[in-house]
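One structure is given here, and the rest of the page talks about it.
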Amino acid sequence: MAVLDDLSGFEFEDVMEDVFRNLGYENVRQADRTADEGRDVIMEEVVDGTRRAIIVECKHTGTVGRPVVQKLHSAIATFDFDGPKRGMVVTTGRFTNPAQEYANRLQQNDDPHPIELLDGEDLREIADEIGLDLYNGRIEILCDETLRPYDPAADVDAPVTEAFRDIENIEAADLPDPHSSVTFRPVVAVTADTNAVFETSVGVIHRINDRTRFVAHAERGQPHVVDEDVGTLVTENLHATVDLDAEQFGEVFDDVEERRFGQTQTEYKEWAVERLQQHHTTTVTYTATTTSRTTRPVSRTARTSLSSRSNQCTSRKFGTLPTSRSTPTPTSTTRQARHE
């Protein structure tokens, strides 16, 4: 419980948003802060073709009693949703016996608004199942796929041998064994669809119907978009990734380094949405004509600053970008970046 207990209440809710999104729930979002500064998570699921809303109460406390579960049951009943609804209480601690008995009774009585209880131990099991790990007070993204770091049809040292092939007085056979290393760097590939229409009293003045793709470095610190050639390399080879098995690559390379993702999935999403808002912020100039009492036309020009919100990142691909290098001698370094 050490790591979860170190989180603030808001950080815990951010973590849970990541967990639920990775579990496959849809439209996962946090509700506005209430008067007691608590924020619930709202999401949806599709069961047997029927869409159902789930209202989640996050409690960053040692013990959760029956009153919390009862209060959520009432909140579910009044939640505005056109379809079935259920609830979930998630805590870093544990539930009292009366709380568990109340939730069990709802299930047994086929209550229209059943409530699921998840405690701290449940959270750890779920995190393991979906490939996430608690790291420094947050759930870290773990990636198990990468672009291929070398051509399997050739030896990993082949570029070094090729580089020395045409140099006079140096035979490739006389070269010392090169020292090879590979570094797997995390990247995030984002595809976002932006559809917006802006209207004023004069009618539609601006439309956006755009699909945007970009790739960002995802190591420690603020994400930043990769160079164009790297972005092309990643997007064109997402279908040709291989398993990131550090132990297996250790049999090919002398040194293997695997870098971690610096932020959570929710933070990357928020960064992507903010970047799209900046990209689609447009100043539109339009002219309207009015008529005065003397029937003399007057021209007025108005500038409107428009900001479109795009929070529909239709797909997010997490992966690692390998870079490798081989060094034949201490004074000569040849960098190779062979990807398929």
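The values are calculated or read from the model by the stated rules, or taken from the named source; none is laboratory data. Only a predicted model underlies this, so the values are computations on that prediction, with no experimental measurement involved. Please note: Cβ atoms are built from the backbone with ideal geometry, for glycine as well, and neighbour counts cover all protein chains shown.
Pro152 meets the conditions (1) part of a loop (DSSP other than H, G, I, E, B); (2) within 29 Å of the chain's Cα centre (by Cα) in every case but one. The failed one is (2). Within the range 8-58, the set of residues being among the acidic types (Asp, Glu), at pLDDT below 85, within 17 Å of Asp80 (Cα to Cα) and surrounded by 12 or more Cβ atoms within 10 Å (Cβ to Cβ) comprises Asp40 only. Asp166 fulfils the conditions (1) within 23 Å of the chain's Cα centre (by Cα); (2) surrounded by fewer than 16 Cβ atoms within 10 Å (Cβ to Cβ); (3) at pLDDT 75 or above except for a single criterion, (1). Taking the range 226-266 as the range and being without any contact (Cβ under 8 Å) to a residue 24 or more places away in the chain and surrounded by 14 or more Cβ atoms within 10 Å (Cβ to Cβ) as the test, only Gly231 passes.
Among all residues of the range 62-83, there is none that is assigned to a strand (DSSP E or B), at pLDDT 90 or above and charged (D, E, K, R). Considered as a group, the residues in the range 203-223 that are touching a strand residue (DSSP E or B) at 6+ places or on another chain (Cβ under 7 Å) and loosely packed, with under 11 Cβ neighbours inside 10 Å include one that is farthest from Asp245 (Cα to Cα), and that residue is Val204.
In the range 243-270, the qualifying residues are those that are of a type outside the set (D, E, K, R) and touching an Asp or Glu at 6+ places or on another chain (Cβ under 7 Å), and the one that is nearest to Glu145 (Cα to Cα) is Leu244.
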